[in-house]
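As structure tokens, the structure follows; a few thoughts come after it.
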Amino acid sequence: MKRLSFIIIALLFSYIAANAQNDIAVVRPDTTAFFYKIADAVTYAQSGDTIYLPGRSFVESITITKELHIIGTGHYIDSTQASGRTALYGTITFQNGSDNTSIEGLFINNDIVISNGHVSSNISIQRCSFYNLGFNYGEVTGLLISECIQRGTVINGNSNHKNVLIEKCIMNGELNRFENATLVTNCIFLKSTSGYGPIYLLKSSYIENCVFVSTGYFDNSCTGCTYTNNLMVSSSTIATSNAGYNNLQGVNVTTIFDTYNTANAFSYDDNYHLQTRTDIGSSGLNVNNLGLYDNTLPYKSSAVPVTPHISTKTIARETDSNGKLSVQIKAIAQQR
């Protein structure tokens, strides 16, 4: 127990120290190493290591070929005032050997992809903001996309993916080509009627407790899918090749969110909590399970990562008369 406590304390201080100095910390149980570039940290890291990224911008792309756990400071502006936002201006690419890798708390300006012909399993992407996700060229068994913002045009899968869970995400674009009992739950689809619609070419998958603001079709070329307990602006009939239960359709978009001023696009200024509904009628819609903030395990406020959250940071501009530099950092532990 003492050794475990020591390891936890060491990890905490490594994380805080790295953020205070704008350094990248590569942490394993017996040592910690610091780097300035992500690529150098990834090269040095051994399979299973955790890489803590500070709140600053990185102009580089990385390729992952081993199990890594990469954690940033978050991407919401309101929660990164003290730490700064971890922003990667490049692409993250998964290749063979990247099984069990997790990424959390990053703003990724470009895409997350898996290379053509490569195979990965148990990939986790949580509390990130990314442009597109292009997993249509490789194969993934076990994919979790949770509490993420998709700012681009597509989250792209293929028929080879298995055990896919997409939950509590806000999507600007479409969800495309997933099969094999993919579960999409408690997401918000902001896409309008242009292009293929918010969901395209899904097969034998489940869409539950989601909100669709599209005024047109929402299940273009989908077959064998089941739509359950969704809130939809569109009045379009669910295709006969799919099934629908307890959905409420034809609602006015102005009655959905507490604040929604940026139509068909994510905004940090909008509030995606749901308004109280009085029009459920006989639809069977269960509002307690609906949207990002359901009653079971709601979307985490500002998508703060699981690491200790630096809420305030004060560093003196110069040393005092004794040659000491005053550094005051307040970090709040996170339950999840």
Computed over the chain: relative contact order in percent, which uses C-alpha pairs under 8 Å that are six or more apart: 10 percent
All-pairs alpha carbon distance profile, the range 178-267, 10 Å steps from 0, percent: 18, 55, 24, 3
Surface/4 estimate of mean projected area, convex hull on alpha-carbon atoms of the range 121-192, nm²: 4.0 nm²
Net charge contributed by nearby residues that have their C-beta within less than 12 Å of G90 (K/R +1, D/E -1): -1
Helix 2-21 axis, angle to the chain major axis (alpha carbon atoms, nearest 10°): 90 degrees
Radius, Kirkwood style, for the range 55-137 when every pair of distinct Cα atoms is counted (Å): 12.9 Å
Convex hull (Cα only) mean projected area of the range 214-324, reported in nm² to one decimal: 11.6 nm²
Farthest toward positive dipole pole in the chain [+1 Lys/Arg, -1 Asp/Glu at C-beta], among F257, T237, L88: L88
Long-range HN-HN contacts of I199 with modeled amide H, under 5 Å: L175, N220
Average silhouette area of the range 154-210, convex hull of alpha-carbon atoms, in square nanometres: 3.4 nm²
Estimated distance in nm for a label pair at L144 and N261, the labels positioned 7 Å out from Cα along Cα-to-Cβ: 3.5 nm
Estimated vicinal HN-Hα couplings, Hz - the range 249-264 in sequence order (Karplus 6.51, -1.76, 1.60; Gly, Pro = x): 10, x, 7, 7, 4, 6, 9, 8, 9, 4, 9, 8, 9, 10, 5, 6
Dipole magnitude (debye, nearest 20) for the chain, charges at Cβ of Lys, Arg, Asp, Glu: 520 debye
Per-residue ³J(HN,Hα) for the range 181-192, Karplus 6.51 cos²θ - 1.76 cosθ + 1.60, θ = phi - 60°, Hz, x for Gly and Pro: 6, 4, 10, 10, 9, 6, 9, 10, 9, 9, 5, 7
Nonlocal amide H pairs with H273, under 5 Å, H built at 1.01 Å: D258, T259
Solvent exposure of the chain as accessible area per residue, Å², 1.4 Å probe: 44 Å²
Calculated log₁₀ intensity ratio I(q)/I(0) where the Debye formula runs over C-alpha points of the range 27-90, q = 0.12, 0.20, 0.25 Å⁻¹: -0.31, -0.81, -1.12
Packing-based ranking, highest mean first, of 247-258, 149-160 given that Cβ atoms within 10 Å are counted: 149-160, 247-258
Options Y137, P308, G323, ranked by Cα towards positive dipole end of the chain, top entry (Cβ charges): G323
Rounded to 5, the percent of DSSP beta bridges in the chain classed as antiparallel: 20 percent
Summed side-chain charge close to N261 - residues other than N261 whose Cβ falls under 10 Å, Lys, Arg +1, Asp, Glu -1: -2
Karplus-derived HN-Hα couplings along the range 277-288 (A = 6.51, B = -1.76, C = 1.60, θ = phi - 60°), whole Hz, x at Gly and Pro: 9, 10, 10, 5, x, 9, 5, x, 4, 9, 5, 5
Peptides ranked, highest mean first, by Cβ atoms within 10 Å: ranges 136-148, 39-51: 136-148, 39-51
Other-chain or far-sequence residues with amide H under 5 Å of I188's (modelled H): C169, I170, M171, V211
Summed residue charge, Cβ within 12 Å of K66's Cβ, Lys/Arg positive, Asp/Glu negative: -3
Rh by Kirkwood over Cα pairs, then Stokes-Einstein D for the chain at 1.306 mPa s and 10 °C, µm²/s: 75 µm²/s
Whole-number percent relative contact order across the range 45-203, with pairs defined as alpha carbons under 8 Å at least 6 apart: 14 percent
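The values are calculated or read from the model by the stated rules, or taken from the named source; none is laboratory data. Since this is a predicted model, take the numbers as computed values, not measurements. Every residue, glycine as well, gets a Cβ built from its backbone with ideal geometry; the counts of neighbours run over all protein chains shown. Protein only, heavy atoms only, side chains kept; ligands, DNA and RNA dropped before computing areas. Shrake-Rupley method; radii C 1.70, N 1.55, O 1.52, S 1.80 Å.
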